[in-house]
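Student: Let me begin by handing over the structure; questions about it come next.
The values are calculated or read from the model by the stated rules, or taken from the named source; none is laboratory data. In this text, all values refer to a predicted model and were calculated from it rather than measured experimentally. Cβ placement follows ideal geometry from the backbone for every residue including glycine, while neighbour counts extend to all protein chains displayed. These accessible areas exclude ligands, DNA and RNA; they are computed on the full protein's heavy atoms, side chains included. Shrake-Rupley method; radii C 1.70, N 1.55, O 1.52, S 1.80 Å.
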Amino acid sequence: MELGQEGFTQDGTVDLRGRPVLASKTGRWKACAFLVGYEAFERMAFYGIYSNLVNYITTQLHEDTVSSVRNVNNWSGSVWITPIIGAYIADTYLGRFWTFTVSSLIYVLGMVLLTLAVSIKSLKPTCNSTNGLCNKASPMQISFFYLSLYIIAIGAGGTKPNISTFGADQFDDYNPHEKELKDSFFNWWMFSSFLGALCATIGLVYIQENVGWGLGYGIPTIGLIFSLLIFYVGTPIYRHKVRKTKSPANQLIQVVVTALKNRDRQLPDDQTELYEFEPRHYITTGERQVYYTPTFRFLDRAAMKGDNRTAATSSSPPPCTVTQVEGTKLIFGMSLIWLVTLIPSTLWAQINTLFVKQGTTLDRSLGPHFKIPAASLGSFVTLSMLLSVPMYDRYFVPLMRRKTGNPRGITLLQRLGIGFVIQVIAIAIAYAVEVKRMHVISKEHILGPKEIVPMSIFWLMPQYVLLGIADVFNAIGLLEFFYDQSPEDMQSLGTTFFTSGIGVGNFLNSFLVTMVDKITGRGNNKSWIGDNLNGCHLDYYYGFLIVISTINLGAFLWASSKYVYKRETIKEVDVGCGQLDSKGLESTSLSLQV
């Protein structure tokens, strides 16, 4: 089929058998409807575990606070960092659909095993019914529990980077209407994710603490299986991107190696002297030509042409194209942005760890017979997201679009910056609330770890709400940024910048909690983070987070001012005349305006 033939998609997408697909019968939101169902149930499963995991580990496996926070962060970090492997497999070998298929089955296996781990009596620690004392979990019980969790992490490695990018693939960039729909895709994709998280933090958390952990984990397991069945029903109308290179990651390595080999050669003053295919090559192959940018100039040596010596005597390696070099520059540029997202991810990790433990010390009564599970307060994060996404997409974007002329309203990096500022404000409020809690503890002479502080848990609500609003800006913005700015054949791997940032942020939080506990608890000093939150100084730790997040915000502003957005060409298809032409496509303006 010739690209641009009437009726078929113009971006070269195919069906599962590799045949061209009709634009009118495939893709777009009618295909994504089958995908968002999976995302909602998968988020319900993940947050059904993650939101209350710190409580399960401390109350059922009887681990101490620091160990439970560390183990939760390590598992969550693994869930978010394994997508690097899954994306590489998808981009290099199996493609997104088949990588997702295999990984989703592994995910379901982990959920089934986890449900068994919290349901079967022999797999749980036993308690003495007379005195209420519980035995510590045996090595076998601990091993089975954590094995189940890490099987889920392996499955998530193949599902997370591929399901969202597979959804974005359902929109044709060459079709102006579909491209406009795609601009809203990630907002509404995350909206479905928030719905799943809301069900987990409101419903599943309550079931786990008041009915049973087995039912609390069994419900999302069944839901996940059901969502997979829905996903496969939509198979006939899915669009699949054709890989244009066998190993995109290897091309990046080739650029770096070639540039190093040419390090002693003098770069030409004129960029047109660098090696590049003729425009006709990109028009006929369907690949996208990326424009030259002056950043990371040392990589330009990879595109230097031969030095006029014969092939027999020349030691220079074959040149890479400017497009290949620019793809590597994109990865380098995104790496800088990625580095300054780690601290914000660390702040986010507090929601399901220290915020939850903080909530268990407060008055959770709602009427005479009902107590709010501490982890359920996370639902305010989700609710604020659910309210903010439509407002952002329907009101904020059109308003800013009229002011800036940017199709997205504001640039991707501006969106991230706003989110990071709101996060700093949220952690500052968390610090102020903790200072208030410590004042009440001192006034009421509360000493015991299980004594309830006469202060409503709803004091914590503002920090949860603000972090939810911040996530509409930075979580969705990061996912869109890394997908949009990745080289064309590396968009699954590119989105792992988003997931791995969250993963490393969790590991970083685990490291910080462990080190702060060891350093501040030396000698006879009270640790800032201890088993008895009524007798430690969590406010000091929050103050520490304010300082490092403020410094990181300054680093983000510097990195974003240096970032140059991707500029590439796409083909313009003239069906009537049967002609192909090319035109420039800029993602956004070339710098962050603040």
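Student: Given a Förster radius of 22 Å and the C-beta distance between Lys443 and Asn532 as r, what FRET efficiency does 1/(1 + (r/R0)^6) yield to the nearest 0.05?
Tutor: The value I calculate is 0.80.
Student: Per the Debye formula with a single identical scatterer at each Cα and no solvent contribution, what log10 I(q)/I(0) holds for region 326-416 at q = 0.21, 0.25 Å⁻¹?
Tutor: Here the Debye-derived log intensity ratios amount to -1.07, -1.16.
Student: Let me ask another. Using a Debye calculation, one point per C-alpha and no hydration shell, please list log10 I(q)/I(0) for region 258-389 at q = 0.11 Å⁻¹ in order.
Tutor: Log10 of I(q)/I(0), two decimals: -0.63.
Student: Please name which of Asn552, Ala428, Ile84 has its Cα lying farthest along the dipole of the chain towards the positive end, using unit charges on Cβ (Lys, Arg +1; Asp, Glu -1) and the Cα centre as origin.
Tutor: Ala428
Student: Per the 1.4 Å probe, what fraction of the accessible area of region 169-220, in percent, lies on carbon and sulfur atoms?
Tutor: 66 percent
Student: What is the ratio of the Cα radius of gyration of region 458-553 to 2.2 N^0.38 Å, with N the residue count, to two decimals?
Tutor: 1.41
Student: So what's the net charge close to Gly530: Lys and Arg +1, Asp and Glu -1, counting the other residues with Cβ under 10 Å from its Cβ?
Tutor: -2
Student: Taking 25 °C and 0.890 mPa s as the conditions, I'd like the Stokes-Einstein D for region 366-454 in µm²/s, using the Kirkwood hydrodynamic radius from alpha carbon pairs.
Tutor: After rounding, the answer is 145 µm²/s.
Student: In addition: Taking a quarter of the surface of the convex hull around the Cα atoms of region 136-192, what do you get in nm²?
Tutor: Spelled out: convex hull of the Cα atoms, projected over all directions, averaged, 5.3 nm².
Student: So, for the chain, what is the accessible surface per residue at a probe of 1.4 Å, expressed in square angstrom?
Tutor: Ligands and nucleic acids excluded, the result is 42 Å² per residue.
Student: Follow-up. Give me the percent relative contact order of the chain, please, defined on Cα pairs under 8 angstrom at least 6 residues apart.
Tutor: Taking the mean separation of contacting Cα pairs over the length of the chain, I get 21 percent.
Student: Short version: what are the Cα gyration tensor semi-axes of the chain, square root of 5 times each eigenvalue, largest first, in whole Å?
Tutor: Semi-axis lengths for the chain are 46, 27, 23 Å.
Student: Could you pull the Cα extents of region 17-63 along its three principal axes, largest to smallest, in whole Å?
Tutor: Taking the Cα atoms of region 17-63, the three principal extents are 57, 20, 8 Å.
Student: Right, another one. Would you mind pulling out the separation of the Cα centroids of region 455-506 and region 181-244, in Å?
Tutor: Computed from Cα coordinates, the inter-centre distance equals 17 Å.
Student: Ignoring everything except DSSP H segments at least 4 long, calculate the 222 nm mean residue ellipticity for the chain; use -39,500 (n - 2.57) per segment, divide by total residues, nearest 500.
Tutor: Result for the chain: -19500 deg cm²/dmol, rounded to the nearest 500.
Student: Where Lys and Arg each count +1 and Asp and Glu each count -1, what net charge lies around Cys127 among other residues with Cβ under 15 Å from its Cβ?
Tutor: Residues close to Cys127 contribute a combined charge of +3.
Student: Over all Cα pairs of region 43-150, how is the pair count split among 5 Å bins, expressed in % and running from 0 up to the last occupied bin?
Tutor: In order of increasing distance, the bins hold 2, 11, 18, 22, 17, 12, 8, 5, 3, 1, 1, 0 percent.
Student: If the viscosity is 1.567 mPa s and the temperature 4 °C, what Stokes-Einstein diffusion coefficient in µm²/s follows for region 116-273 when Rh is the Kirkwood radius over Cα pairs? Please list the in-between numbers first.
Tutor: Working: Rh = 21.4 Å.
Rounded, D is 61 µm²/s.
Student: List the residues whose amide H sits under 5 Å from the amide H of Ala23, counting only those 5 or more places along or on another chain, with H placed 1.01 Å from N in the peptide plane.
Tutor: Amide H to amide H, under 5 Å and 5 or more residues apart or across chains, Ala23 pairs with Phe8, Thr9.
Student: To the nearest 0.05, how large is the calculated FRET efficiency for Lys121 and Asp363 if R₀ is 30 Å and r is the Cβ-Cβ distance?
Tutor: 0.35
Student: I've got another one for you. If you stretched the chain out fully between Met461 and Lys136, how much longer would it get, using 0.36 nm times the residue separation minus the C-alpha to C-alpha distance?
Tutor: Once the chain is fully extended between Met461 and Lys136, it gains 113.6 nm.
Student: Over region 430-511, with every protein chain in place, what whole percent of the accessible area is carbon and sulfur at 1.4 Å, could you tell me? Can you show the working numbers first?
Tutor: Working: 1980 of 2830 Å².
In region 430-511, the share of accessible area belonging to carbon and sulfur is 70 percent.
Student: A further question on this structure: Just to be sure I understand: if I project the alpha-carbon convex hull of region 208-279 onto a plane and average over all orientations, what area do I get in nm²?
Tutor: Details: hull surface 47.2 nm².
About 11.8 nm², averaged over all directions.
Student: For the peptides 25-38, 482-495, 175-188, what is the packing order when you average, over each peptide's residues, the other Cβ atoms within 10 Å and list the highest mean first?
Tutor: Top to bottom by mean Cβ count within 10 Å: 482-495, 25-38, 175-188.
Student: Let me ask something additional. Where in region 23-65 is the amide nitrogen less than 19 Å from a point lying 7 Å along the Cα-to-Cβ axis of His177?
Tutor: Backbone N within reach: 23-33.
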